[in-house]
Amino acid sequence: MNSVLLFPFIGRERHLSVLREALESSRERRLVTVWVHGRSGIGKTALARYFLGEVRQRSELVVLEGRCYEREAVPYNALDGVVDDLNRHVKSLTRADARALMPDDLGALMRLFPVLQEWRAFEAGLEITNFSDLGEVRQRGFTAFRQVLTRIAVRKPVLLFIDDLQWGDEDSADLLARYLRLEARPCF
């Protein structure tokens with residue numbers, strides 16, 4: 001059991017209500033975005049962790065979590081943890097279920113996120129294209145990323161949480177904005 005749930009969470013009922021309503025809204029097979037923002041130190045991360053603790057107790061959801069750090073220099077830093085969670089989720093599935101999630105352009109996705117190289121095992125006869133145009137790799141990799149998330153979401157709702165997104169890099173922001181079609185719904 002998540003230790004954060006052992007203690008009462010006081011004073012955030014309205015904010016938790018917004019998060020719970022957004023989660024219920026997402027069950028209608030539509031993308032819902034909630035931005036949790038405010039001054040430093042007011043409990044944004046604690047609120048999110050509490051909510052994620054509630055959500056993780058439900059097996060019908062796939063939770064993908066990331067965190068940005070101010071001085072981190074990893075490409076797509078906002079998605080680093082998200083991709084790690086995505087990789088763990090896919091590897092936890094049966095081979096047939098994992099194969100059903102593979103995007104049309106797995107090679108481009110693996111170029112963007114090398115940790116996904118293990119997914120070659122799910123794609124019989126995978127041919128890796130040698131891209132000379134990095135813009136094309138990025139475009140095709142972004143599309144593949146969206147395909148995987150969409151294919152998961154058809155089976156189970158996906159909750160994507162990224163803490164301290166303000167420290168995210170430009171490439172992460174581009175992927176999130178262009179391919180996940182974010183629509184802001186403020187929490188506080």
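Go ahead and run the numbers for FRET between residue 123 and residue 143, Cβ-Cβ distance against an R0 of 25 Å, rounding to 0.05. About 0.95, to the nearest 0.05.
Taking amide hydrogens as placed 1.01 Å from N in the peptide plane, the amide H of residue 159 sits under 5 Å from those of 62, 63, 64, each at least 5 positions away in sequence or on another chain.
Summarising the label geometry, the points placed 7 Å from Cα in the beta-carbon direction at residue 174 and residue 61 lie 3.1 nm from one another. These residues, 45, 150, go from largest to smallest accessible area, 1.4 Å probe, as 150, 45.
Averaged over residues, the count of other Cβ atoms within 10 Å places the peptides 103-114, 82-93 in the sequence 103-114, 82-93, highest first. Ligands, DNA and RNA left out, the 1.4 Å accessible surface of region 10-56 is 52% carbon and sulfur atoms. For region 48-125, chymotrypsin sites (Phe, Trp or Tyr not before Pro) are listed when DSSP marks them as loop and at most 14 other Cβ atoms sit within 10 Å of their Cβ; the list is 69.
Taking a ≥ b ≥ c as the square roots of the eigenvalues of the Cα gyration tensor of region 38-174, is the shape rounded (a/c under 1.5), prolate (a/b larger than b/c) or oblate? Since a/c reaches 1.5 but b/c is at least a/b, the shape of region 38-174 is classed as oblate.
The values are calculated or read from the model by the stated rules, or taken from the named source; none is laboratory data. Remember, it's a predicted structure, so these values are computed and weren't measured experimentally. As a convention, Cβ positions derive from the backbone with ideal geometry for all residues, glycine included, and neighbour counts pool all protein chains shown. SASA here: full protein model, heavy atoms, side chains in, ligands and nucleic acids out. Shrake-Rupley method; radii C 1.70, N 1.55, O 1.52, S 1.80 Å.
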